[in-house]
Amino acid sequence: MKIGLRIKIFISRHLTPPRIFILSFLGAILTGTLLLLLPFTTARCSLSFIDALFTSASAVCVTGLVVVDLGRDLTFWGQIVTLILFQFGGLGILTFSTVFFVLMGRSIPLKEREIVQATFLHDPRKDLKVILKSILLFTLLYEALGTFFLLIRFCQDFPFSEALFYSIYHAVSAFNNCGYSLYQDSLVRYQEDWMVNLAVMGLIIVGGIGFIVQYEILAKFKRIQRRISIHTKIVLITTLILIFLGAFLFYLFEEGNVLKSIPIQNKILISLFQSVTARTCGFNTIEIGALTNATILLILF
(Lines give C-alpha, C1' and ligand atoms only; values in the text may rest on other atoms or scores of the structure.)
Protein backbone atom coordinates (compact mmCIF):
# COMPACT_ATOMS: atom_id res chain seq x y z
CA MET A 1 0.00 0.00 0.00
CA LYS A 2 2.81 2.39 0.88
CA ILE A 3 4.56 1.70 -2.44
CA GLY A 4 1.34 2.31 -4.38
CA LEU A 5 0.74 5.54 -2.48
CA ARG A 6 4.28 6.72 -3.15
CA ILE A 7 3.87 6.00 -6.85
CA LYS A 8 0.64 8.01 -6.96
CA ILE A 9 2.29 10.92 -5.12
CA PHE A 10 5.28 10.79 -7.48
CA ILE A 11 3.01 10.81 -10.54
CA SER A 12 0.84 13.66 -9.24
CA ARG A 13 3.92 15.76 -8.45
CA HIS A 14 6.04 15.10 -11.50
CA LEU A 15 3.63 14.31 -14.33
CA THR A 16 2.38 17.82 -14.90
CA PRO A 17 0.09 18.53 -17.90
CA PRO A 18 2.96 19.85 -20.08
CA ARG A 19 5.05 16.76 -19.27
CA ILE A 20 2.16 14.42 -20.04
CA PHE A 21 1.67 16.27 -23.32
CA ILE A 22 5.33 15.76 -24.27
CA LEU A 23 5.37 12.12 -23.15
CA SER A 24 2.26 11.38 -25.21
CA PHE A 25 4.05 12.57 -28.35
CA LEU A 26 7.17 10.59 -27.48
CA GLY A 27 5.02 7.50 -26.93
CA ALA A 28 3.31 7.97 -30.29
CA ILE A 29 6.65 8.43 -32.07
CA LEU A 30 8.14 5.28 -30.56
CA THR A 31 4.98 3.26 -31.26
CA GLY A 32 4.98 4.46 -34.87
CA THR A 33 8.67 3.58 -35.19
CA LEU A 34 8.11 0.02 -33.99
CA LEU A 35 5.15 -0.44 -36.35
CA LEU A 36 7.16 0.83 -39.34
CA LEU A 37 9.89 -1.69 -38.53
CA LEU A 38 7.46 -4.60 -38.93
CA PRO A 39 7.65 -6.58 -42.22
CA PHE A 40 4.02 -6.00 -43.27
CA THR A 41 4.43 -2.20 -43.32
CA THR A 42 7.30 -2.04 -45.81
CA ALA A 43 7.01 -2.87 -49.51
CA ARG A 44 10.51 -3.54 -50.85
CA CYS A 45 12.90 -3.91 -47.93
CA SER A 46 12.67 -3.24 -44.21
CA LEU A 47 13.42 0.26 -43.02
CA SER A 48 16.43 0.98 -40.88
CA PHE A 49 15.69 2.08 -37.32
CA ILE A 50 16.74 5.68 -38.02
CA ASP A 51 14.53 5.90 -41.14
CA ALA A 52 11.54 4.48 -39.26
CA LEU A 53 12.17 6.84 -36.34
CA PHE A 54 12.52 9.87 -38.63
CA THR A 55 9.37 8.99 -40.59
CA SER A 56 7.35 8.48 -37.40
CA ALA A 57 8.66 11.65 -35.71
CA SER A 58 8.06 13.72 -38.83
CA ALA A 59 4.48 12.40 -39.12
CA VAL A 60 3.59 12.99 -35.45
CA CYS A 61 5.15 16.46 -35.52
CA VAL A 62 3.50 17.13 -38.94
CA THR A 63 6.64 18.49 -40.60
CA GLY A 64 6.19 16.87 -44.03
CA LEU A 65 9.85 15.86 -44.27
CA VAL A 66 10.52 12.32 -45.52
CA VAL A 67 13.58 10.14 -46.08
CA VAL A 68 11.64 7.33 -47.80
CA ASP A 69 9.24 7.16 -50.74
CA LEU A 70 5.91 6.77 -48.95
CA GLY A 71 4.12 5.57 -52.07
CA ARG A 72 6.67 2.86 -52.93
CA ASP A 73 8.63 1.95 -49.81
CA LEU A 74 5.58 1.50 -47.56
CA THR A 75 2.74 -0.95 -48.03
CA PHE A 76 -0.92 0.01 -47.63
CA TRP A 77 -0.63 -0.77 -43.90
CA GLY A 78 2.54 1.26 -43.57
CA GLN A 79 0.78 4.21 -45.19
CA ILE A 80 -2.15 3.74 -42.78
CA VAL A 81 0.31 3.93 -39.88
CA THR A 82 1.66 7.28 -41.10
CA LEU A 83 -1.89 8.56 -41.68
CA ILE A 84 -2.87 7.73 -38.09
CA LEU A 85 0.33 9.30 -36.79
CA PHE A 86 -0.17 12.69 -38.46
CA GLN A 87 -3.89 12.68 -37.65
CA PHE A 88 -3.11 12.15 -33.97
CA GLY A 89 -0.15 14.50 -34.09
CA GLY A 90 -2.10 17.26 -35.80
CA LEU A 91 -4.99 17.24 -33.35
CA GLY A 92 -3.16 16.13 -30.23
CA ILE A 93 -3.17 12.59 -28.90
CA LEU A 94 -4.75 13.49 -25.57
CA THR A 95 -7.47 15.43 -27.36
CA PHE A 96 -8.75 12.18 -28.86
CA SER A 97 -8.98 10.47 -25.47
CA THR A 98 -10.68 13.55 -24.02
CA VAL A 99 -13.20 13.59 -26.86
CA PHE A 100 -14.03 9.95 -26.16
CA PHE A 101 -14.54 10.77 -22.46
CA VAL A 102 -17.06 13.40 -23.56
CA LEU A 103 -18.83 11.11 -26.03
CA MET A 104 -19.18 8.40 -23.39
CA GLY A 105 -20.66 10.92 -20.95
CA ARG A 106 -17.80 10.57 -18.49
CA SER A 107 -16.16 13.44 -16.63
CA ILE A 108 -12.92 14.76 -18.10
CA PRO A 109 -9.83 14.19 -15.91
CA LEU A 110 -8.46 17.47 -14.58
CA LYS A 111 -5.02 17.08 -16.17
CA GLU A 112 -6.46 16.29 -19.59
CA ARG A 113 -8.79 19.28 -19.26
CA GLU A 114 -5.81 21.54 -18.52
CA ILE A 115 -3.82 20.16 -21.47
CA VAL A 116 -6.65 20.55 -23.97
CA GLN A 117 -7.42 24.07 -22.77
CA ALA A 118 -3.76 25.01 -23.08
CA THR A 119 -3.58 23.49 -26.58
CA PHE A 120 -6.76 24.76 -28.20
CA LEU A 121 -8.10 27.65 -26.10
CA HIS A 122 -6.50 31.02 -25.53
CA ASP A 123 -8.38 31.44 -22.25
CA PRO A 124 -10.27 29.10 -19.87
CA ARG A 125 -13.71 28.18 -21.19
CA LYS A 126 -16.66 26.63 -19.37
CA ASP A 127 -17.99 25.15 -22.61
CA LEU A 128 -15.05 22.76 -23.05
CA LYS A 129 -17.30 19.80 -23.91
CA VAL A 130 -18.98 21.80 -26.66
CA ILE A 131 -15.56 22.82 -27.99
CA LEU A 132 -14.36 19.21 -28.02
CA LYS A 133 -17.43 17.95 -29.85
CA SER A 134 -16.96 20.76 -32.36
CA ILE A 135 -13.32 19.75 -32.85
CA LEU A 136 -14.33 16.22 -33.76
CA LEU A 137 -17.20 17.40 -35.97
CA PHE A 138 -15.11 20.03 -37.79
CA THR A 139 -12.30 17.53 -38.36
CA LEU A 140 -14.56 14.86 -39.85
CA LEU A 141 -16.51 17.40 -41.91
CA TYR A 142 -13.51 19.18 -43.45
CA GLU A 143 -11.59 15.99 -44.15
CA ALA A 144 -14.70 14.42 -45.72
CA LEU A 145 -15.23 17.47 -47.94
CA GLY A 146 -11.58 17.47 -48.96
CA THR A 147 -11.74 13.77 -49.72
CA PHE A 148 -14.83 14.29 -51.89
CA PHE A 149 -13.28 17.01 -54.05
CA LEU A 150 -9.95 15.19 -54.40
CA LEU A 151 -11.79 11.97 -55.28
CA ILE A 152 -13.50 13.70 -58.21
CA ARG A 153 -10.06 14.38 -59.70
CA PHE A 154 -8.15 11.29 -58.60
CA CYS A 155 -10.84 9.00 -60.07
CA GLN A 156 -9.62 10.13 -63.48
CA ASP A 157 -6.16 8.71 -62.77
CA PHE A 158 -6.76 5.61 -60.62
CA PRO A 159 -9.34 2.86 -59.97
CA PHE A 160 -12.02 3.97 -57.50
CA SER A 161 -10.67 2.16 -54.42
CA GLU A 162 -7.14 3.47 -54.96
CA ALA A 163 -8.40 6.97 -55.76
CA LEU A 164 -10.48 6.94 -52.55
CA PHE A 165 -7.50 6.02 -50.38
CA TYR A 166 -5.30 8.62 -52.07
CA SER A 167 -8.01 11.22 -51.51
CA ILE A 168 -8.41 10.38 -47.82
CA TYR A 169 -4.65 10.31 -47.26
CA HIS A 170 -3.99 13.68 -48.88
CA ALA A 171 -7.06 15.31 -47.32
CA VAL A 172 -6.06 14.27 -43.80
CA SER A 173 -2.44 15.24 -44.51
CA ALA A 174 -3.50 18.69 -45.76
CA PHE A 175 -5.97 19.41 -42.94
CA ASN A 176 -3.38 18.51 -40.30
CA ASN A 177 -0.82 20.62 -42.18
CA CYS A 178 1.53 17.65 -42.52
CA GLY A 179 2.34 17.60 -46.22
CA TYR A 180 2.95 13.85 -46.51
CA SER A 181 2.16 12.74 -50.05
CA LEU A 182 2.00 9.32 -51.69
CA TYR A 183 3.29 10.86 -54.94
CA GLN A 184 7.04 10.93 -55.45
CA ASP A 185 6.84 14.52 -56.73
CA SER A 186 4.39 15.68 -54.04
CA LEU A 187 1.65 17.50 -56.04
CA VAL A 188 3.78 18.79 -58.93
CA ARG A 189 1.77 16.68 -61.39
CA TYR A 190 -1.35 18.66 -60.37
CA GLN A 191 0.20 22.13 -60.46
CA GLU A 192 -2.32 23.31 -63.09
CA ASP A 193 -5.33 21.49 -61.64
CA TRP A 194 -7.66 23.97 -59.91
CA MET A 195 -9.73 21.26 -58.18
CA VAL A 196 -6.76 19.67 -56.41
CA ASN A 197 -5.07 22.99 -55.62
CA LEU A 198 -8.16 24.69 -54.18
CA ALA A 199 -9.14 21.62 -52.14
CA VAL A 200 -5.67 21.25 -50.62
CA MET A 201 -5.26 25.00 -50.01
CA GLY A 202 -8.66 25.17 -48.31
CA LEU A 203 -7.79 22.28 -46.00
CA ILE A 204 -4.39 23.77 -45.13
CA ILE A 205 -5.89 27.17 -44.28
CA VAL A 206 -8.81 25.83 -42.26
CA GLY A 207 -6.62 23.36 -40.40
CA GLY A 208 -3.91 25.96 -39.81
CA ILE A 209 -6.00 28.76 -38.29
CA GLY A 210 -6.99 26.58 -35.34
CA PHE A 211 -10.23 25.26 -33.87
CA ILE A 212 -10.99 28.15 -31.55
CA VAL A 213 -11.02 30.48 -34.57
CA GLN A 214 -13.35 28.15 -36.48
CA TYR A 215 -15.59 27.82 -33.42
CA GLU A 216 -15.82 31.56 -32.84
CA ILE A 217 -16.60 32.27 -36.51
CA LEU A 218 -19.39 29.67 -36.42
CA ALA A 219 -20.71 31.02 -33.10
CA LYS A 220 -20.71 34.55 -34.55
CA PHE A 221 -22.52 33.35 -37.68
CA LYS A 222 -25.16 31.60 -35.55
CA ARG A 223 -25.36 34.70 -33.29
CA ILE A 224 -24.41 32.61 -30.26
CA GLN A 225 -21.45 34.90 -29.66
CA ARG A 226 -21.72 38.66 -30.15
CA ARG A 227 -18.06 39.41 -30.77
CA ILE A 228 -15.05 37.48 -31.95
CA SER A 229 -11.93 37.68 -29.78
CA ILE A 230 -8.77 39.65 -30.48
CA HIS A 231 -7.03 36.29 -30.90
CA THR A 232 -9.33 35.33 -33.79
CA LYS A 233 -9.03 38.74 -35.45
CA ILE A 234 -5.23 38.60 -35.32
CA VAL A 235 -5.16 35.05 -36.73
CA LEU A 236 -7.48 35.91 -39.65
CA ILE A 237 -5.77 39.18 -40.56
CA THR A 238 -2.27 37.72 -40.29
CA THR A 239 -3.24 34.67 -42.35
CA LEU A 240 -4.67 36.78 -45.17
CA ILE A 241 -1.63 39.07 -45.22
CA LEU A 242 0.81 36.14 -45.28
CA ILE A 243 -1.06 34.34 -48.07
CA PHE A 244 -1.56 37.23 -50.49
CA LEU A 245 1.71 39.07 -49.78
CA GLY A 246 3.60 35.78 -50.04
CA ALA A 247 1.86 34.90 -53.33
CA PHE A 248 2.62 38.34 -54.80
CA LEU A 249 6.31 38.14 -53.85
CA PHE A 250 6.60 34.53 -55.07
CA TYR A 251 5.14 35.58 -58.42
CA LEU A 252 7.47 38.59 -58.57
CA PHE A 253 10.60 36.59 -57.76
CA GLU A 254 9.83 33.61 -60.03
CA GLU A 255 8.14 35.25 -63.05
CA GLY A 256 11.40 35.10 -65.00
CA ASN A 257 12.47 31.74 -63.58
CA VAL A 258 10.28 28.65 -62.95
CA LEU A 259 7.07 30.49 -63.91
CA LYS A 260 8.51 31.85 -67.17
CA SER A 261 6.76 29.59 -69.71
CA ILE A 262 3.57 28.97 -67.70
CA PRO A 263 0.18 30.58 -68.57
CA ILE A 264 -0.77 33.57 -66.40
CA GLN A 265 -3.67 31.82 -64.61
CA ASN A 266 -1.42 28.92 -63.64
CA LYS A 267 1.31 31.32 -62.48
CA ILE A 268 -1.21 32.82 -60.06
CA LEU A 269 -2.38 29.38 -58.92
CA ILE A 270 1.15 28.12 -58.28
CA SER A 271 2.09 31.31 -56.44
CA LEU A 272 -0.98 31.09 -54.20
CA PHE A 273 -0.42 27.41 -53.47
CA GLN A 274 3.24 27.85 -52.54
CA SER A 275 2.37 30.79 -50.31
CA VAL A 276 -0.34 28.80 -48.51
CA THR A 277 1.72 25.63 -48.09
CA ALA A 278 4.76 27.58 -46.88
CA ARG A 279 2.73 28.78 -43.89
CA THR A 280 2.94 25.44 -42.09
CA CYS A 281 2.54 22.53 -44.52
CA GLY A 282 4.90 20.56 -46.78
CA PHE A 283 3.28 20.07 -50.17
CA ASN A 284 4.72 21.64 -53.31
CA THR A 285 3.53 22.03 -56.90
CA ILE A 286 6.84 23.37 -58.23
CA GLU A 287 10.39 22.04 -57.99
CA ILE A 288 11.73 23.69 -54.84
CA GLY A 289 15.36 23.15 -55.86
CA ALA A 290 14.84 25.27 -58.99
CA LEU A 291 13.67 28.38 -57.07
CA THR A 292 15.78 31.51 -56.74
CA ASN A 293 17.57 32.30 -53.49
CA ALA A 294 15.19 35.22 -52.91
CA THR A 295 12.17 32.91 -53.14
CA ILE A 296 13.75 30.32 -50.84
CA LEU A 297 14.40 33.10 -48.30
CA LEU A 298 10.77 34.18 -48.66
CA ILE A 299 9.53 30.63 -48.04
CA LEU A 300 11.77 30.32 -44.98
CA PHE A 301 10.36 33.59 -43.65
Checklist entry - In the full protein assembly as shown, how much of Phe253 is accessible to a 1.4 Å probe, in Å² to the nearest 10? => result 80
Checklist outcome for this item: Among the range 170-188, those whose backbone N falls under 11 Å of a label point 7 Å along Cα→Cβ from Ile224 are none
Checklist entry - What accessible surface, in Å², does a 1.4 Å probe find on Asp157, ignoring ligands, DNA and RNA and rounding to the nearest 10? => result 70
Item to check | For the range 233-280, the Rg and Dmax computed from alpha carbons only, in angstrom | outcome: 11.4, 39
Item to check | Relative contact order of the range 169-301, pairs being alpha-carbon contacts under 8 Å that are 6 or more residues apart, as % | outcome: 32
Checklist entry - Excluding ligands and nucleic acids, what accessible area in Å² is computed for Val81 using a 1.4 Å probe, to the nearest 10? => result 20
Item to check | Calculated P(r) tail over 26 Å for the range 174-301, as whole % of Cα pairs | outcome: 26
Checklist outcome for this item: By accessible area (1.4 Å), largest first, Leu291, Leu300, Leu65 order as Leu300, Leu65, Leu291
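The values are calculated or read from the model by the stated rules, or taken from the named source; none is laboratory data. None of these values were measured; they are calculated from a predicted model. Note that each Cβ is placed from the backbone with ideal geometry, even for glycine, and that neighbours are counted across all protein chains shown. These accessible areas exclude ligands, DNA and RNA; they are computed on the full protein's heavy atoms, side chains included. Shrake-Rupley method; radii C 1.70, N 1.55, O 1.52, S 1.80 Å.
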